[in-house]
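Input: a single structure, listed below in structure tokens.
No lab work stands behind these numbers, since they all come straight from the coordinates. In this text, all values refer to a predicted model and were calculated from it rather than measured experimentally. Cβ placement follows ideal geometry from the backbone for every residue including glycine, while neighbour counts extend to all protein chains displayed.
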Amino acid sequence: MEPHHAVESPTGTFIVSHYNDQLNQHQVSEVNTGGKVPHQFSGSRLASLGLPDHVAVDSHGNIFVADRFNCHILLLNAQLKLRRPIVDEHQLNDEMPWSLCYVERTGQLFVGLERGVEVFDVLRR
């Protein structure tokens, strides 16, 4: 495993974006404190996973994934199943997302790009 980024989930596990050497693909994995991997995401028929540089998580376990190669932000549930793409390449003006910061109180997702920062309101009321 070649890690890119990791954050702690609300349940005390870790969400890790990484490259899997054995499978030759990028993944997002949940890793518990014993080193076990209960859930993984490597893409779906609805959204491929290119290079998941950065991840963010909210208090409900929702996971935001910045996919640099595919120029989109994915929303995964706590079991690392795709909920939906929430920001696409057009909204990012075809710039690659490098980092994320989710502010749960306001529902804003800050996306670091090569030439600046974009802010998206992702809170659903």
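What spacing in nm lies between the two simple spin-label points modelled at Val37 and Ser59, each 7 Å away from Cα in the Cβ direction?
3.1
Evaluate E = 1/(1 + (r/R0)^6) for Glu89 and Thr11, where r is the Cβ-Cβ distance and R0 equals 30 Å; express this FRET efficiency to the nearest 0.05. Numbers along the way, then the final one.
Values: r = 32 Å, r/R0 = 1.06.
With R0 = 30 Å, the Cβ-Cβ based efficiency is 0.40.
What does the C-alpha gyration tensor say about the overall shape of the chain? Classify as rounded when a/c is under 1.5, otherwise prolate if a/b is larger than b/c, or oblate. Write out the running numbers ahead of the final one.
Working: a/c = 1.74, a/b = 1.25, b/c = 1.40.
Note, shape of the chain comes out oblate.
Compute the signed sum of charges (Lys and Arg +1, Asp and Glu -1) over the other residues within less than 10 Å, Cβ to Cβ, of Asn62. Please list the in-between numbers first.
Numbers: positive: Arg83; negative: Asp58, Glu104.
My count for the surroundings of Asn62 gives -1.
If we count other beta carbons within 10 Å of each Cβ, what is the order of Ser42, Ser9, fewest first? Let's see the in-between values first.
On the way: Ser42 15, Ser9 19.
Ranking Ser42, Ser9 by Cβ neighbours within 10 Å, fewest first, gives Ser42, Ser9.
Could you list Tyr102, Tyr19 in order of exposure, starting from the residue whose Cβ has the fewest other Cβ atoms within 10 Å?
On the way: Tyr102 21, Tyr19 15.
The most exposed by this proxy come first: Tyr19, Tyr102.
If Lys and Arg each add +1 and Asp and Glu each add -1, what is the summed charge of the other residues whose beta carbon sits under 11 Å from the beta carbon of Ser99?
Values: positive: Arg68; negative: Asp53, Glu114.
My count for the surroundings of Ser99 gives -1.
Under the 0.36 nm per residue contour assumption, what length would be gained going from the current alpha-carbon distance of Trp98 and Asp121 to full extension?
Values: separation 23, 0.36 × 23 = 8.28 nm, distance 1.81 nm.
So the chain would gain 6.5 nm between Trp98 and Asp121.
Say R0 is 22 Å: what FRET efficiency, to the nearest 0.05, do Asp21 and Phe69 get from their beta-carbon distance? Display every interim value, and only then the final one.
On the way: r = 18 Å, r/R0 = 0.81.
It comes out at approximately 0.80.
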